[in-house]
Amino acid sequence: MKTTKLAQKSLLWAGASVAALTLAATPSFAQDNGAATLDVITVTTNRREENIQDVANSVTAQSGEDLAPYTEGGADILTLAARIPSVYAESSNGRVAPRFYIRGLGNTDFDLAASQPVSIIMDDIVQENVILKSFPLFDVQQVEIARGPQGTLFGRNTTAGTIKFDSVRPSQETDGFMSLTLGSLGTVNLESAIGGALIEDVLSARISLLSQNRDDWIDNAFTGENDAMGGHNEWAGRAQLLYTPNDSFDALFNVHARSLTGTAAIFRANILTPGSNDLNANFDRGEVYYDSTFNNPQNYDSWGTSANMNFYLDGGMTFTSITGYENAEGRSLGDIDGGNLVNGPGFIPFPSETQDGLDDLDQFTQEFRLASSDELDTTWQIGAYYFDGAFDITTLGPNGGFPPPTTVRHENELWAVFGQVSHQVNERLNLSGGVRYTSDEKSLEVIQAVWPAGGPYSASDEEVSWDLSAYYDYSDETAFFARVARGFRGPSIQGRDVAFFGTPSIADSETSISYEAGIKSEPMGGRARINATAFYYTVSDLQLSAVGGGGNLVQLVNADEGVGYGFEVDSEFLVSENLLITAGFSWNETELQDDTLEVGVCAQCTVTDPDADNDGFAEVDGNPFPQAPDYIVSLTARYSIPADNGGEWFVYTDWFYQGRTNLFLYESEEFYSEGNFEGGLRVGYAGSLPNGRAFEAAVFSRNITGEENLVGGIDFNNNTGFVNEPSVWGVSFRADFN
């Protein structure tokens, strides 16, 4: 049976989960009858404000303070990878186009039109295109990760789950902050925000700014240019207005923008020796041998705006309108072979350098929602959603070389209607159910090509997704839940192969059924929080991207079925008022199930999959999903020592460890990682300035042990790979304006 391998591994990991822990970043507790307890975490997974312990779903929430240690060294949104149970992320496009995976389900497609089963939502607006998903993180109130299909209430393409970011909103109180980081590699980061009342009780505003900068630090040894690449200069801003004229209406207006100039991903030729996945002597973190003087440049600009309006009606009902518009453009150029034909390093059969550009991206979204009062035994909400997006993608070689200039235009129109109802059966049992009907249409038109590529191409589908859940409040400290959900991801069209004299590929819609059951508890009198979930899911017509291989193709395929199951643990322990520890672990086992599916393989690696018909294509039935870590352990801790003047000295550390992760659809001796880990450390002082305002000063180090982890590969030419971010150390200072 195809599930035998999965079942065997599940027994091995069952005992390991007991000891797996993830430690919290910053102290978060309240006082209960004189004793410190953990703060209540409020989430909006059901589009209502609820205690995370009362939600029949596997959800993790982190505050902006939790994220700050990860990003102060200049990290982008990829810093979430392996720091949250069952969540992973990677990118072969530098600081743009992140690819997210939840419970092993994601998409490795590097094209700028790639469809992803993880939905990124920022300030209630779905960020569908991969460029929009990379908007920088700053002045964040909270991020919520909901695992499993979430398509009933959230946007689209959520067969894996959602990652939802909420910015700090304006308020009538004057508040803000300024933080400055100076670090190695010429790292200079500045983040600030200020907000308050413009008209008392009627109008408030908040402005947030970010600047992240790093010098070039990687030498191009082939051209002899020192400090040729590796840096970035990025700024972003957000302005918000909150209008509250009366108790019957409020409106939040948001305008945001981002500009990035820097280096795309750094590809490194033949850093894997045939037969091994260890980085070899060809790898030097501070040096490459590119035969081009372009040195992998990257630049992107984007901006957007939204209006979130609430009308509070009789009977406690709320009518909500959320309108959003996003615009983006930019391009990245990469030395794909990672070296040169003269001295490699290693054997490089032919040169490859390609630029992909995104032009005229326009995304419009509109959602209407009517919700009942939260105070009823039976609550409900109904709504409608509309999405319209279009953009051009141009692929070309530098200086008029190969590939020839090719432009394709993608368009997507989607609409949906949905509803959800929840009923409090008695004091302990709550039942919920929701349904969504979605119509999704996509098209691709070849605007420019050197050969008659045909078209236009189109794909469409209509599907119903739904979810059912039960929540049982067993005691004051413990509750149990169960949930079953059907997810839907519409058809996808991939046109990048037109630039390489191929035809576009189309993948049919995928649908999933997910089952999960869990426990939520707050033992030790509220000084601990332990949430655990076991899950099993199947995906029919699983959309996959056959990337690379000796033919250098990017083709969409459907597998008959994909299966995944495992469990995740989130926990938090307030050991004392000075020490906060939380714990989390995830184990994800995934398997492709299609005995006819074959994919192209690498040019120089050692493939371990069978090729029964000897046609050069590997049979991948039984393989794990690509970029799906089989387990993740992430650890953080903060310990403080009170000072005489009311301040405190503190030490904070964070670590993650990542299990075996296959990089492609096929398996080989080279293209996988296992045992990747990273750690960080902060030591500092938090207190008050003479004017009474809070401040914090610290020294820090990211990737403190200097780990060199393989995180991705390119297989069509040589054994090219790319690695994690380098070590960065520095000092940081933050002052509040409250």
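The values are calculated or read from the model by the stated rules, or taken from the named source; none is laboratory data. Owing to the predicted nature of the structure, the values given are computational and were not obtained by experimental measurement. Using ideal geometry, Cβ is built from the backbone for each residue, glycine included, and neighbour counts are taken over all protein chains shown. Surface accessibility is based on the protein's heavy atoms, side chains included, excluding ligands, DNA and RNA. Shrake-Rupley method; radii C 1.70, N 1.55, O 1.52, S 1.80 Å.
Taking region 217-234 only, how many residues are in a loop (DSSP other than H, G, I, E, B) and β-branched (V, I, T)? It would help to see each step written out before you state the result.
Looking only at region 217-234, we keep the residues that are in a loop (DSSP other than H, G, I, E, B), and these are 217, 221-224, 230-231.
This time we only want the ones that are β-branched (V, I, T), so: 223.
Result for region 217-234: 1.
When we screen T596, T582, T590, T636 for residues that are of a type in the set (S, T, Y), crowded, with 23+ Cβ neighbours inside 10 Å and within 25 Å of Y536 (Cβ to Cβ), the only hit is T590. Yes or no: region 256-267 includes at least one residue that is open to solvent by 70 Å² or more (accessible area, probe 1.4 Å) and not hydrophobic (A, V, I, L, M, F, W, C). Checked against the condition, which is being open to solvent by 70 Å² or more (accessible area, probe 1.4 Å) and not hydrophobic (A, V, I, L, M, F, W, C), region 256-267 yields at least one hit.
Can you tell me how many residues in region 238-251 are in contact with a Leu (Cβ under 6 Å, 6 or more places away or on another chain) and crowded, with 21+ Cβ neighbours inside 10 Å?
The initial filter retains those residues of region 238-251 that are in contact with a Leu (Cβ under 6 Å, 6 or more places away or on another chain), namely 242-243.
Still in the running and crowded, with 21+ Cβ neighbours inside 10 Å: 242.
Qualifying residue count, region 238-251: 1.
The set of residues in region 50-74 being of a type outside the set (S, T, Y), modelled with pLDDT of 95 or more and assigned to a loop (DSSP other than H, G, I, E, B) consists of V55, A56, N57. For region 119-134, the condition holds for at least one residue, the condition being that it is among the hydroxyl-bearing types (S, T, Y) and assigned to a helix (DSSP H, G or I). Y565 fulfils the conditions (1) open to solvent by 20 Å² or more (accessible area, probe 1.4 Å); (2) touching a residue at least 60 places away in the same chain (Cβ under 8 Å); (3) under 30 Å from E353 (Cα atoms) except for a single criterion, (3).
Could you check, for region 625-632, whether at least one of its residues is in contact (Cβ under 8 Å) with a residue 12 or more places away in the chain and open to solvent by 20 Å² or more (accessible area, probe 1.4 Å)?
Step one: filter region 625-632 for residues in contact (Cβ under 8 Å) with a residue 12 or more places away in the chain, giving 625-632.
From what's left, open to solvent by 20 Å² or more (accessible area, probe 1.4 Å): 630-631.
Taking every residue of region 625-632 in turn, at least one turns out to be in contact (Cβ under 8 Å) with a residue 12 or more places away in the chain and open to solvent by 20 Å² or more (accessible area, probe 1.4 Å).
Scanning region 380-395 for residues that are open to solvent by 20 Å² or more (accessible area, probe 1.4 Å) and either assigned to a loop (DSSP other than H, G, I, E, B) or among the β-branched types (V, I, T) (or both) returns I382, T394. Looking only at residues in region 710-719 that are farther than 14 Å from V547 by Cα and under 26 Å from the mean Cα position of the chain (by Cα), the one that is most open to solvent (accessible area, probe 1.4 Å) is V711. Within region 88-129, which residues are closer than 25 Å to D392 by Cβ, modelled with pLDDT of 95 or more and of a type in the set (F, W, Y)? Correct list: F100 only. Take the residues in region 653-697 that are in contact with a Lys or Arg (Cβ under 6 Å, 6 or more places away or on another chain) and in contact (Cβ under 8 Å) with a residue 40 or more places away in the chain; name whichever of them is least open to solvent (accessible area, probe 1.4 Å). So, considering only residues that are in contact with a Lys or Arg (Cβ under 6 Å, 6 or more places away or on another chain) and in contact (Cβ under 8 Å) with a residue 40 or more places away in the chain, the one least open to solvent (accessible area, probe 1.4 Å) is G680.
Within region 396-425, take every residue that is of a type in the set (G, A, S) and not in a strand (DSSP E or B) and give me the one that is surrounded by the fewest Cβ atoms within 10 Å (Cβ to Cβ). The qualifying residue surrounded by the fewest Cβ atoms within 10 Å (Cβ to Cβ) is G400. Restrict the check to region 119-128 and report whether at least one residue is closer than 28 Å to D216 by Cβ, touching a Gly at 6+ places or on another chain (Cβ under 7 Å) and not basic (K, R). The answer is no; no qualifying residue exists.
Kindly establish whether E49 is of a type outside the set (F, W, Y), more than 30 Å from Q555 (Cβ to Cβ) and buried (at least 22 other Cβ atoms within 10 Å of the Cβ). Here the answer is no, as E49 does not meet what is asked. Restricting I131, I125 to residues that are out of contact with any Lys or Arg (no Cβ under 9 Å at 6 or more places or on another chain) and over 20 Å from N308 (Cβ atoms) narrows the list to I131. Among residues of region 36-53 that are closer than 16 Å to S469 by Cβ, those with a Cβ under 9 angstrom from a residue that is among the hydrophobic types (A, V, I, L, M, F, W, C) and surrounded by fewer than 18 Cβ atoms within 10 Å (Cβ to Cβ), sequence gap 6+ or separate chain, pair up as N51/V40; I52/V40; Q53/V40. Yes or no: region 320-337 includes at least one residue that is among the hydrophobic types (A, V, I, L, M, F, W, C), open to solvent by less than 40 Å² (accessible area, probe 1.4 Å) and more than 26 Å from A221 (Cβ to Cβ). Yes, the conditions are met somewhere in region 320-337.
Residue count for region 449-462, restricted to those that are modelled with pLDDT of 95 or more and either of a type in the set (D, E) or surrounded by 17 or more Cβ atoms within 10 Å (Cβ to Cβ) (or both): 4. The criterion of at least 1 residues that are modelled with pLDDT of 95 or more and of a type in the set (V, I, T) is met by the following strands (runs of 3 or more DSSP E) wholly inside region 507-623: 510-521, 528-548, 553-576, 579-593. I493 meets the conditions (1) of a type in the set (A, V, I, L, M, F, W, C); (2) touching a Gly at 6+ places or on another chain (Cβ under 9 Å); (3) crowded, with 19+ Cβ neighbours inside 10 Å; (4) part of a strand (DSSP E or B) in every case but one. The failed one is (2).
Across region 163-191, the number of residues qualifying as under 23 Å from D124 (Cβ atoms), within 23 Å of the chain's Cα centre (by Cα) and not basic (K, R) comes to 6.
Going by the structure shown, is E674 within 30 Å of N719 (Cβ to Cβ), out of contact with any helix residue (DSSP H, G or I) (no Cβ under 7 Å at 6 or more places or on another chain) and charged (D, E, K, R)? First the steps, then the outcome.
Numbers: within 30 Å of N719 (Cβ to Cβ): yes; out of contact with any helix residue (DSSP H, G or I) (no Cβ under 7 Å at 6 or more places or on another chain): yes; charged (D, E, K, R): yes.
Judged against the criteria, E674 is a match.
Kindly establish whether L182 is in a strand (DSSP E or B), of a type outside the set (S, T, Y) and open to solvent by 10 Å² or more (accessible area, probe 1.4 Å). Quick ask: steps written out before the conclusion?
Numbers: in a strand (DSSP E or B): yes; of a type outside the set (S, T, Y): yes; open to solvent by 10 Å² or more (accessible area, probe 1.4 Å): yes.
Yes, satisfied.
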